[in-house]
Structure formats: structure tokens, C-alpha cells
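The values are calculated or read from the model by the stated rules, or taken from the named source; none is laboratory data. Please read these numbers as outputs of a predicted model, since none were measured by experiment. Here Cβ is always computed from backbone atoms with ideal geometry, including for glycine, and neighbour counts include all displayed protein chains.
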Amino acid sequence: MPAIAVSLPRFMLSEESARPELTQRGADASDTALISAVADRDQRAMQTLYMRHSVKIFRFISRIVNDPSLAEDLVSEVFLDVWRNAGSFKARSQVTTWLLAIARNKAYSALRRRSDEQIDDEALAAVEDPMEDQETLMDREDRNAIVQQCLAQLSPAHREVLDLVYYHEKSIDEIAEIVGIPASTVKTRAFYARNHMAKILRSAGVAAL
């Protein structure tokens, strides 16, 4: 994955206006506590939230827009929206579900603005373990490349569901909220996506996900 160069605006990186309880707990604060603090314009809480989730949001957007530079810009837009609208978060879902929904809307809005380009969702490359030997890494890279090619054969809707299930570990209800479709539709898509993916992987000689 390319280096992520996105950064928060300067006004979000100030050491001022931090809640004492968050200053004491630091990175241990829950996402919900951070969002609550951000709603009160706690800049340190905003920075912590960003550092905790920006990489996942970048990867999710990158798989949709297939453009790292655009994905970086959209990540900044996502967290600017969070800064502006944290007070609207009602904690009826996980913070990550809310973030992914914002990210998805940003990504597809960007694609609509670039309607002359084809949507090409590539699978998220697994993060390499530095302790693995070179042969193991090569085997993993080969497998990841095959999985990516297989995922590319799925429809965008099926790729999206598998991404949220396997890479973001979202529940059916959470995916329904992110994508904006009924839970029953998510179940149907997930069922057919898994079956189709398993057949494609078997044909490629790779064990199912």
C-alpha cells in the first residue's frame, strides 16, 4: 500500500482545549468518548480519533476509487466532516460504522464527479508481517495477488459486502447502515458473494477466505 500522506488541518493539531480526562487516558479513551470530546471541540481528541482510524478509512476508500491521491484527499474530507458534525453522532451504532458510512458517501460522490472513469475495486492487500521469512512473504504475495484478481471478478456490490465483512468485521446490521440497504438484502448479497468467491478461488487453486 502506498504511504499515507494525509494530515489533519493545523487547527486540529493544537495541544490546547483537551479534556482533562482524555489527556489522562490518552489513546485508551473509547471512540464514543472521543467523538463526544470532538463535539466539544477537543482538538487532541480529534487527533487521537484520526490516528486510530485514518489508515482503515484510507484503505476502504482506496478500494472504491482506486486512486491513492484522491483517497488521501477524501480521508481529509471525512475527518473534516467528523470535526464539523461530531455532535450529530447519536451512538446508535459504532463510531467505525459511522465513519465508514461517511467515507463511502465521499468515495461514491467523488466517482460520480469522475463518471468518465471506471470503478475498479481492488482487494485490500494484507499487511506484511516483518517477522516472516522471505519465502513466506512471497507465498503470501502470490496468494494476495490471486485473491485480488478473483475479487475483481465479483460485482461492485458483492466486493463491497465482502470488504466490510472480512476486512472491517462489520455485522449485517452495521453493513446495512453503511450501505443504506435492508439487512435482508445484505444477507442475500453476502450469501451469493461468498459462494461466488469460493467458486472463483477454487478455480484459481486457492483455499476459500
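General observations
- Residues in segment 72-81 that are crowded, with 22+ Cβ neighbours inside 10 Å and farther than 10 Å from Lys106 by Cβ: Phe79 only.
- Selected residue (criterion: farthest from Val82 (Cα to Cα)) from residues of segment 50-59 that are touching a residue at least 40 places away in the same chain (Cβ under 8 Å) and not small (Gly, Ala, Ser): Arg59
- Residues satisfying the stated conditions in segment 157-167, i.e. buried (at least 19 other Cβ atoms within 10 Å of the Cβ) and closer than 14 Å to Ile64 by Cβ: His158, Arg159, Glu160, Val161, Leu162, Asp163, Leu164
- Boolean, Leu154 is modelled with pLDDT under 85 and surrounded by 15 or more Cβ atoms within 10 Å (Cβ to Cβ): yes
- Candidate set from segment 146-196 (those that are of a type in the set (Ser, Thr, Tyr) and outside any loop (DSSP other than H, G, I, E, B)); member that is nearest to Phe60 (Cα to Cα): Tyr167
- Extreme residue, farthest from Arg84 (Cα to Cα), among residues of segment 25-45 that are buried (at least 20 other Cβ atoms within 10 Å of the Cβ) and touching a residue at least 40 places away in the same chain (Cβ under 8 Å): Leu34
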